[in-house]
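A.B. asks: Take a look at this one; I'll ask things after.
Just so you know, all these numbers are worked out from the coordinates, no wet-lab data involved. Since we're looking at a predicted model, the values are computed, not measured. As a convention, Cβ positions derive from the backbone with ideal geometry for all residues, glycine included, and neighbour counts pool all protein chains shown.
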Amino acid sequence: MKRIALLGATGSIGRQAIEVIRARDGLQLVAASSGSTPIDGLAPLTQVGGDPSVLLERAEPDVVLNAVVGFAGLAPTMWALERGVTLALANKESLVAAGELALAARRRGGGALIPVDSEHSALFQCASVDEPESLVLTASGGPFRGRTRDELEAVTPEEALAHPTWSMGPKITVDSATLANKGLEVIEAHFLFGVPYERIEVVIHPPSIVHGLVRFRDGAAIAHLGHPDMRVPISYALTYPERAPTPVRPLDLTAQPLEFREPDTETFRMLALAREAGEKGGTYPCAYNAANEVAVEQFLDGRIGFLDIAALVEEVLGRVDGAPARDVAELEEADRRARGLVPVA
Ligand SMILES: NC(=O)c1ccc[n+]([C@@H]2O[C@H](COP(=O)([O-])OP(=O)(O)OC[C@H]3O[C@@H](n4cnc5c(N)ncnc54)[C@H](OP(=O)(O)O)[C@@H]3O)[C@@H](O)[C@H]2O)c1
């Protein structure tokens, strides 16, 4: 029996994880948390808000599934990595922000870090074959794929929240519309697979069927295909190294063409800014993430426009020093500073 602690149990990933856990005899939900939604009775141990460390200590999980949204997911990520408890990671923001600190904790703890993000789960499975030469992340392109800057000027939160292929929480849905989500994923892939940024490619792939592709030194490439359904990567992470059945239907390869095209990074600046932040290193990725979280909140509240998100993040990245954080306290300070630099709209 695998003991699972699920952080962010009330969200999109959290709810699908509960479905996966309930459908599998070998998985047991021993602890669950949320930010503010009541979750009494969902698991033997529950917590709403606050530091999850005590909950996790008491739960003694085999796997921590971190499905919290945003930098708030840092604590469970570091808790699991430090202790060598298997971390099933949906919360990409914590790995992007903590970067080297998270990897150092993982080296000390010695546990497994299994991505839940569908693209990284795909890359994880393809990369297990041999050492990757380069990585390809696919992006649906979001609801505004193909639009010009002029056409994005007046888009509303409601339009940004209408994702064509994935059904997800509001923050990641807006991130998909700006391509910040793909930007975060480029940085996430860099830390997960140790591949330099110039060898991490992004292609727009509207049907979201190919989730990731790894190129090898002999010119071969291995891709991972499947319906866009998060229950697959969630199940893979929770049952790893086994592969369990899921209710997801088999893929019909003749159903649609598998088209790919280059992303428009002039219009969707968040992808280019993420690369720049990743390449600069230090706490630049942390600042990118922090400024984006604040800007997305302001956009969802109707206080700023869609294009202002990238403008604000670029402004913040130009004002921070990006000095590396030596510990979690310094990282939290860098996060706070970057948030404070986003003008109040
Ligand atoms: N959704 C997807 O398909 C998908 C795919 C790939 C990766 N991801 C990643 O998975 C993470 C979760 O995404 P989501 O779409 O599931 O988000 P979501 O639907 O907005 O759910 C977020 C969850 O985090 C909890 N939460 C928020 N603030 C918290 C805090 N301070 N402490 C503890 N819990 C807190 C929320 O609790 P309340 O209900 O109380 O607010 C909720 O349970 C994100 O990092 C996202 O990038 C998601």
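A.B. asks: Given the residues Asp51, Asp25, which is the only one that is loosely packed, with under 14 Cβ neighbours inside 10 Å, without any contact (Cβ under 8 Å) to a residue 60 or more places away in the chain and within 24 Å of Met78 (Cβ to Cβ)?
C.D. replies: Working: Asp25 fails: within 24 Å of Met78 (Cβ to Cβ).
Only one candidate passes the filter, namely Asp51.
A.B. asks: Looking at segment 71-86, is at least one residue in contact (Cβ under 8 Å) with a residue 40 or more places away in the chain and of a type in the set (D, E, K, R)?
C.D. replies: No, that holds for no residue.
A.B. asks: Would it be correct to say that Thr283 is crowded, with 18+ Cβ neighbours inside 10 Å and either touching a strand residue (DSSP E or B) at 6+ places or on another chain (Cβ under 7 Å) or not small (Gly, Ala, Ser) (or both)? Walk me through it before giving the result.
C.D. replies: Working: crowded, with 18+ Cβ neighbours inside 10 Å: yes; either touching a strand residue (DSSP E or B) at 6+ places or on another chain (Cβ under 7 Å) or not small (Gly, Ala, Ser) (or both): yes.
Yes; evaluated as a whole, the condition is true for this residue.
A.B. asks: So, one more: Does segment 116-126 hold any residues that are small (Gly, Ala, Ser) and part of a loop (DSSP other than H, G, I, E, B), and which are they?
C.D. replies: Once the filter is applied, which keeps residues that are small (Gly, Ala, Ser) and part of a loop (DSSP other than H, G, I, E, B), segment 116-126 yields nothing.
A.B. asks: Let me ask something else. List every residue pair whose Cβ atoms sit under 9 Å apart, with the two residues 6 or more apart in sequence or on different chains, where the first one lies in segment 202-226 and is without any contact (Cβ under 8 Å) to a residue 40 or more places away in the chain and among the aliphatic types (A, V, I, L, M) and the second, anywhere, is surrounded by 17 or more Cβ atoms within 10 Å (Cβ to Cβ) and not in a strand (DSSP E or B).
C.D. replies: Leu225/Ala122; Leu225/Ile209
A.B. asks: Within segment 127-148, does at least one residue satisfy the condition of being part of a helix (DSSP H, G or I) and not charged (D, E, K, R)?
C.D. replies: Yes, there is a match, as at least one residue in segment 127-148 is part of a helix (DSSP H, G or I) and not charged (D, E, K, R).
A.B. asks: Would it be correct to say that Ser118 is within 14 Å of the ligand (Cβ to nearest atom), over 17 Å from Asn292 (Cα atoms), surrounded by fewer than 16 Cβ atoms within 10 Å (Cβ to Cβ) and in contact (Cβ under 8 Å) with a residue 60 or more places away in the chain?
C.D. replies: no
A.B. asks: Here is a further query. When only residues in segment 185-206 that are surrounded by fewer than 23 Cβ atoms within 10 Å (Cβ to Cβ) and of a type in the set (Asp, Glu) count, which is nearest to the ligand (Cβ to nearest atom)?
C.D. replies: Glu201
A.B. asks: Still on this structure, I have one more. Name, by its number, the condition in (1) more than 27 Å from Val248 (Cα to Cα); (2) surrounded by fewer than 17 Cβ atoms within 10 Å (Cβ to Cβ); (3) more than 15 Å from the ligand (Cβ to nearest atom) that does not hold for Gly99.
C.D. replies: The one condition Gly99 does not meet is (2).
A.B. asks: If you don't mind, there's one more thing I want to ask. Which of the residues belonging to segment 195-251 are of a type in the set (Lys, Arg) and in a strand (DSSP E or B)?
C.D. replies: Arg215
A.B. asks: Report whether or not Thr77 is out of contact with any Lys or Arg (no Cβ under 9 Å at 6 or more places or on another chain), of a type outside the set (A, V, I, L, M, F, W, C) and within 11 Å of the ligand (Cβ to nearest atom).
C.D. replies: So Thr77 passes the test.
A.B. asks: Continuing with this model, one more query. For segment 303-345, what are the residues that are of a type in the set (Val, Ile, Thr) and farther than 27 Å from Pro143 by Cβ? Outline the logic, then answer.
C.D. replies: Our first condition is that a residue be of a type in the set (Val, Ile, Thr); within segment 303-345, this holds for 304, 309, 313, 316, 320, 328, 342, 344.
Residues satisfying the conditions are Val320, Val328, Val344.
A.B. asks: Condition test on Ala277, is it touching a Ser or Thr at 6+ places or on another chain (Cβ under 6 Å), away from the ligand (no atom under 16 Å from the Cβ) and either free of Cβ contacts under 8 Å to residues at least 12 places away in the same chain or not acidic (Asp, Glu) (or both)?
C.D. replies: When the stated conditions are applied, Ala277 does not pass them.
A.B. asks: Quick check, is Thr46 surrounded by fewer than 16 Cβ atoms within 10 Å (Cβ to Cβ), over 14 Å from the mean Cα position of the chain (by Cα), within 13 Å of the ligand (Cβ to nearest atom) and among the polar types (S, T, N, Q)?
C.D. replies: Working: surrounded by fewer than 16 Cβ atoms within 10 Å (Cβ to Cβ): no; over 14 Å from the mean Cα position of the chain (by Cα): yes; within 13 Å of the ligand (Cβ to nearest atom): yes; among the polar types (S, T, N, Q): yes.
Criteria not met by Thr46.
A.B. asks: Do we have Thr10 as within 8 Å of the ligand (Cβ to nearest atom) and of a type in the set (S, T, N, Q) here?
C.D. replies: Taking the combined requirement at face value, the residue satisfies it.
A.B. asks: Among Ile234, Ile222, Ile209, which is the only one that is within 16 Å of the ligand (Cβ to nearest atom), more than 24 Å from Val69 (Cβ to Cβ) and in contact with a strand residue (DSSP E or B) (Cβ under 8 Å, 6 or more places away or on another chain)?
C.D. replies: Testing whether each residue is within 16 Å of the ligand (Cβ to nearest atom), more than 24 Å from Val69 (Cβ to Cβ) and in contact with a strand residue (DSSP E or B) (Cβ under 8 Å, 6 or more places away or on another chain) leaves just Ile209.
A.B. asks: Inspect segment 88-100 for any residue being farther than 23 Å from Gly322 by Cβ and out of contact with any Pro (no Cβ under 6 Å at 6 or more places or on another chain) and give the result as yes or no.
C.D. replies: Yes.
A.B. asks: Considering only segment 158-184, state which residues are part of a helix (DSSP H, G or I), touching a Pro at 6+ places or on another chain (Cβ under 8 Å) and away from the ligand (no atom under 13 Å from the Cβ).
C.D. replies: Within segment 158-184, Glu159, Ala160, Ala177 qualify.
A.B. asks: Scan segment 21-37 and give yes if some residue there is within 8 Å of the ligand (Cβ to nearest atom), at positive phi and touching a Gly at 6+ places or on another chain (Cβ under 9 Å), otherwise no.
C.D. replies: no
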